[in-house]
Amino acid sequence: MSAAVLSGKELSAAIRAETAERAAALTAAGTEPRLAVVVATADESSAWYVRSIAKAAGKAGITCDIVDLGATASPESIRARLAELSADERVHGIILQTPLPAGASLQELAGAIAFEKDVDGANPVSLGRLAAGLPAFAPATAEAVVRVLEHHTIELTGRHVAVVGRSMVVGKPVAHLLLNANATVTVCHSRTRELAAVTSAADVVVAAVGRAGMVTADHVAPGAVVIDVGTNPTEDGGLAGDVDADSVSGKAGALTPVPGGVGPVTTALLLSHTVRAAGG
Ligand SMILES: NC(=O)C1=CN([C@@H]2O[C@H](COP(=O)(O)OP(=O)(O)OC[C@H]3O[C@@H](n4cnc5c(N)ncnc54)[C@H](OP(=O)(O)O)[C@@H]3O)[C@@H](O)[C@H]2O)C=CC1
Ligand SMILES: Nc1nc(=O)c2c([nH]1)NC[C@@H]1CN(c3ccc(C(=O)N[C@@H](CCC(=O)O)C(=O)O)cc3)C=[N+]21
């Protein structure tokens, strides 16, 4: 038996269609929605994302400014640019791409992103509000994980979800969103002992590690639902997930594909957050 494929494409298309409608209404009313994408990395996975944001924003009628500061930008210069964009009335949404140059951290810099423009939920204020169950933009990827599960009518209440990864972009916020959805959540990381035993006890496994094929059949229970967040560039220019799909699909009940799973929903949600930040 091969695991069911949990596509993100239909959900992404629906979110993008609704976003385009809202963007057109805003533009007609005199507000052009605008997203600033701040880049200070040469990372290929980030470059993939930035290209797909720019393309999808164009189609949705959102102006996208790519602000490339270079992979050697200092934390001070990144912070100054975030503050400038935060004060710029024409800009409605700001995302700072990870990874960041050595010595810079998202949690330290994202405080310079105005809370109301923090469309990728990076400001620690956004994460705190998310944890408290208060309105805030969640990081698009973390929200995408939960939306894909909901779209495929996978029950979360009372079920055990193991998240592998504890970054500010995925692991930590997704753990809070899952808790808010009444799941029982275990968060794993590089110091977790007996990782395969921990994840094998879960009904749902969320892999956000950044290592191609790290999650194998040994890590999942028979019939479990597996969400693959990983987008690792391959030598031939493609993308590989954090899950070894060949091994896992013979054991899991359902699995998100890479590409075509969480990624397209992430991009759509970032744009949806941007039109909401613009008042749409
Ligand atoms: N599809 C999408 O929309 C998105 C995809 N991504 C992709 O998701 C992946 C994760 O991204 P991100 O969270 O930003 O990555 P980070 O590198 O910031 O975090 C990786 C996490 O995985 C943990 N980890 C690393 N190795 C192991 C291991 N051997 N066993 C258990 N845990 C481990 C780390 O633990 P520790 O904290 O101890 O170091 C860390 O918490 C990447 O492939 C990235 O490209 C990211 C964002 C969006
Ligand atoms: N602050 C921050 N937030 C992020 O969310 C973030 C980041 N930094 N840094 C880089 C990673 C990587 N990432 C991807 C998102 C979508 C695709 C994506 O759309 N993938 C498509 C393929 C691309 C396409 O079709 O054009 C897919 O999986 O089907 C890829 C990669 C977000 N990231």
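Only the coordinates and a few stated rules stand behind these numbers; no lab work does. What you are looking at is a predicted structure, and each value in this text was computed from that prediction instead of being measured. Because the Cβ atoms are built from the backbone with ideal geometry, glycine has one as well, and the counts that use them run over all protein chains shown.
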*Give me the distance between the Cα centres of segment 35-88 and segment 130-198, rounded to whole Å.*
26
*Cα→Cβ-extended label distance, 7 Å offset, between ARG193 and GLU32, nm*: 5.9
*Roughly speaking, what is the stretch gain from ALA25 to ARG276, that is 0.36 nm per residue apart minus the C-alpha to C-alpha distance, in nm to one decimal?*
89.2 nm
*Give me the net charge of ALA112's neighbourhood, meaning all other residues with Cβ under 14 Å from the Cβ of ALA112; Lys, Arg count +1, Asp, Glu -1.*
-4
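Report the calculated FRET efficiency for ALA80 and ALA47 (r = Cβ-Cβ distance, R0 = 30 Å), to the nearest 0.05.
Working: r = 23 Å, r/R0 = 0.78.
Efficiency, from the Cβ-Cβ distance: 0.80.
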*Given labels modelled 7 Å from the Cα in the Cβ direction, how far is it in nm from ILE66 to ALA131?*
3.5
*asked:* For the chain, set up a GNM with springs between Cα atoms under 10 Å and report which of ALA132, ALA56, ALA254 has the largest fluctuation.
replied: ALA132
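Using Cα-Cα distances under 8 Å and only pairs 6 or more residues apart, what relative contact order does the chain have, in percent?
Values: 608 pairs, mean separation 67.3, N = 280.
Reported relative contact order: 24 percent.
Of all DSSP beta bridges located in the chain, what percent are antiparallel, nearest 5? List each step's numbers first, then the result.
Details: 2 of 30 bridges.
Close to 5 percent.
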*asked:* Sort CYS188, CYS64 by Cβ crowding within 10 Å, fewest neighbours at the top.
replied: CYS64, CYS188
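What ranking of ASP242, ASP218, ASP203 emerges when the number of other C-beta atoms within 10 Å of each C-beta is taken as an exposure proxy, fewest first?
ASP218, ASP203, ASP242
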*asked:* Quick check on the chain: helices-only [θ] at 222 nm, where DSSP H runs of length 4 and up contribute -39,500 (n - 2.57) each and the sum goes over total residues. Nearest 500, please.
replied: -12000 deg cm²/dmol
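Dividing the alpha-carbon radius of gyration of segment 38-115 by 2.2 N^0.38 Å (N being the number of residues), what value is obtained? Provide the component values of the computation, followed by the final result.
Numbers: Rg = 12.4 Å, N = 78, 2.2 N^0.38 = 11.5 Å.
Here the Cα radius of gyration is 1.07 times the empirical estimate.
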_Spread of Cα-to-Cα distances over 5 Å intervals beginning at zero, given as percent, for the chain_ = 1, 6, 13, 17, 19, 17, 13, 8, 4, 1, 0, 0
*FRET efficiency for HIS151 and ASN182, using Cβ-Cβ distance with R0 set to 25 Å, rounded to 0.05*: 0.90
*Using only Cα atoms, find the angle between the long axis of helix 75-87 and the longest principal axis of the chain, and express it within 0 to 90 degrees, rounded to the nearest 10.*
60
*Cα centroid separation - segment 229-258 against segment 1-25, whole Å*: 20
*In degrees, nearest 10, range 0 to 90: what is the angle between the Cα axis of helix 9-28 and the longest Cα principal axis of the chain?*
10
*14 Å beta-carbon shell around ARG159, net charge (K/R +1, D/E -1)*: -3
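Which of rounded, prolate, oblate describes segment 139-263, given a ≥ b ≥ c as roots of the alpha-carbon gyration tensor eigenvalues and a/c under 1.5 marking rounded, otherwise prolate only if a/b is larger than b/c? Could you put the intermediate results ahead of the total?
Details: a/c = 1.33, a/b = 1.21, b/c = 1.10.
Rounded, because the longest to shortest axis ratio a/c is under 1.5.
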*Roughly how many nanometres apart are two label points built 7 Å out from the Cα toward the Cβ at SER247 and HIS160?*
2.1
